[in-house]
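Undergrad: The structure that follows is given in the form of structure tokens.
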2 protein chains.
Amino acid sequence: MSVQPENANTYGKGICPKDVLTLADCPSRLLLDQIADKWSVLVLAVLKEGPLRFNMIKRRLEGITQKALTQTLRRLERNGIVSRHVIPVSPIAVEYQVTALGKSLDQPFRALYEWTFLHLPEVERARQAFDERHSG
Amino acid sequence: MSVQPENANTYGKGICPKDVLTLADCPSRLLLDQIADKWSVLVLAVLKEGPLRFNMIKRRLEGITQKALTQTLRRLERNGIVSRHVIPVSPIAVEYQVTALGKSLDQPFRALYEWTFLHLPEVERARQAFDERHSG
DNA sequence: CGGTATCCAGCTTGATACTG
DNA sequence: CAGTATCAAGCTGGATACCG
């Protein structure tokens, strides 16, 4: 997210020029807004196994609508994360696959997943404690 | 996101029991839904510098409303990412700070930030190319 | 100071229908 | 098959007012 490498830090201890942070300041939003939405993560998980056609992706993703899948794929394609190949047969076939850029996301995503996996119990405890505090 | 360590993989090459993925299957959403929203990232960036009181955070975050900040802080608190301390003076003072759990998020976030930083030009090229394809 | 309550506009979402 | 079009419903987010 807006975590910066120590030496490229434009935020930090009040040394940001304006002394305030704006949404636009945060380069990570470039990624998060586009990738961390409801479906992108799962689409990528499915496509990681190999190229798939539209309806094949749809079948592997329980509950996604045609519209949502189209939107998700378009956004991923626009950001260079997946590529789209039209195969001119009849009826038409369209194949999607993860690009090299998309594959390079695997390492950071894995780090995030591992954090979640490791700290899930702690997060759940925190939620329980909070919910109890705010009911009793 | 839904990237799994190789050996804990419940998705993978069609070996998922149901052979379909549901939103609930993806443990990463636990984190992403709650942290990757519009403001959480920036709130954490500000709080990383040290504990701050409500209105001090608000002043450092250009454009955030009182309501949005309250909601963001509550969600972060519920997930154990920040903690809230009421200082019983008059008028009342409330201090927020990042917890140990919250601090442990720094590494995965840094990985993500570094990816963004490194691949920004490529993403921007992809967007330009896409936008040209879809206008001409 | 640090909130909560209320109201309302706008964006997103899903269901449905239609098309090359 | 792989979409686009359309429309209603719902949730989110901002503005405003008030409270302990």
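The values are calculated or read from the model by the stated rules, or taken from the named source; none is laboratory data. All values derive from a computational prediction rather than experimental measurement. Cβ: placed from backbone, ideal geometry, glycine included. Neighbour counts: every protein chain shown. Note: areas computed on protein heavy atoms with side chains; ligands, DNA, RNA excluded. Shrake-Rupley method; radii C 1.70, N 1.55, O 1.52, S 1.80 Å.
Undergrad: Can you confirm whether B:LEU118 is more than 9 Å from DNA strand C (Cβ to nearest atom) and part of a helix (DSSP H, G or I)?
TA: Yes: the conditions hold for B:LEU118.
Undergrad: So how many residues does the range A:64-78 have that are facing chain B (nearest Cβ under 10 Å) and within 9 Å of DNA strand C (Cβ to nearest atom)?
TA: 1
Undergrad: Which one is nearest to the chain's Cα centre (by Cα) among residues in the range A:79-88 that are without any contact (Cβ under 8 Å) to a residue 12 or more places away in the chain and away from DNA strand C (no atom under 11 Å from the Cβ)?
TA: Once the filter is applied, the top-ranked residue is A:ILE87.
Undergrad: Something else now. Confirm whether A:GLU124 is assigned to a helix (DSSP H, G or I), surrounded by fewer than 18 Cβ atoms within 10 Å (Cβ to Cβ) and more than 7 Å from every other protein chain (Cβ to nearest Cβ).
TA: yes
Undergrad: Kindly provide the set of residues from the range A:42-75 that are in contact (Cβ under 8 Å) with a residue 40 or more places away in the chain and not in a loop (DSSP other than H, G, I, E, B), ordered by number.
TA: A:LEU44, A:LEU47, A:LEU52, A:ARG53, A:PHE54, A:ARG75
Undergrad: Give the range A:49-63 a look and list any residue that's within 16 Å of DNA strand C (Cβ to nearest atom), at pLDDT below 95 and open to solvent by less than 70 Å² (accessible area, probe 1.4 Å), or say none.
TA: Residues satisfying the conditions are A:LEU61, A:GLY63.
Undergrad: Continuing with the same structure: Just the residues that are closer than 14 Å to A:THR99 by Cα and assigned to a strand (DSSP E or B), please, taken from the range A:76-87.
TA: Answer for the range A:76-87, where residues must be closer than 14 Å to A:THR99 by Cα and assigned to a strand (DSSP E or B): A:VAL82, A:SER83, A:ARG84, A:HIS85.
Undergrad: Let me ask another. Taking B:ARG53 as meeting all but one of (1) touching a strand residue (DSSP E or B) at 6+ places or on another chain (Cβ under 9 Å); (2) away from DNA strand D (no atom under 16 Å from the Cβ); (3) over 22 Å from A:PRO27 (Cα atoms), write down the number of the exception.
TA: (2)
Undergrad: Of all residues in the range A:72-88, which are within 9 Å of DNA strand D (Cβ to nearest atom) and out of contact with any helix residue (DSSP H, G or I) (no Cβ under 6 Å at 6 or more places or on another chain)?
TA: A:LEU73, A:ARG74, A:VAL86, A:ILE87 - these are the residues of the range A:72-88 that are within 9 Å of DNA strand D (Cβ to nearest atom) and out of contact with any helix residue (DSSP H, G or I) (no Cβ under 6 Å at 6 or more places or on another chain).
Undergrad: Inside the range B:87-109, can you point out the residues that are away from every other protein chain (no Cβ under 12 Å) and open to solvent by 50 Å² or more (accessible area, probe 1.4 Å)?
TA: Once the filter is applied, which keeps residues that are away from every other protein chain (no Cβ under 12 Å) and open to solvent by 50 Å² or more (accessible area, probe 1.4 Å), the range B:87-109 yields B:ILE87, B:PRO88, B:VAL89, B:SER90, B:PRO91, B:ILE92, B:GLU95, B:GLN97.
Undergrad: Within the range B:114-121, identify whether any single residue is loosely packed, with under 13 Cβ neighbours inside 10 Å, at the interface with chain A (Cβ under 10 Å from one of its Cβ atoms) and within 20 Å of A:GLY102 (Cβ to Cβ), and answer yes or no.
TA: Within the range B:114-121, one or more residues are loosely packed, with under 13 Cβ neighbours inside 10 Å, at the interface with chain A (Cβ under 10 Å from one of its Cβ atoms) and within 20 Å of A:GLY102 (Cβ to Cβ).
Undergrad: Look at the range A:89-102 and say how many of its residues are in a helix (DSSP H, G or I) and free of Cβ contacts under 8 Å to residues at least 12 places away in the same chain.
TA: Count: 1.
Undergrad: Would you please name the residue that is farthest from DNA strand D (Cβ to nearest atom), looking only at residues in the range B:93-116 that are of a type outside the set (Gly, Ala, Ser) and at pLDDT 95 or above?
TA: Selected residue: B:LYS103.
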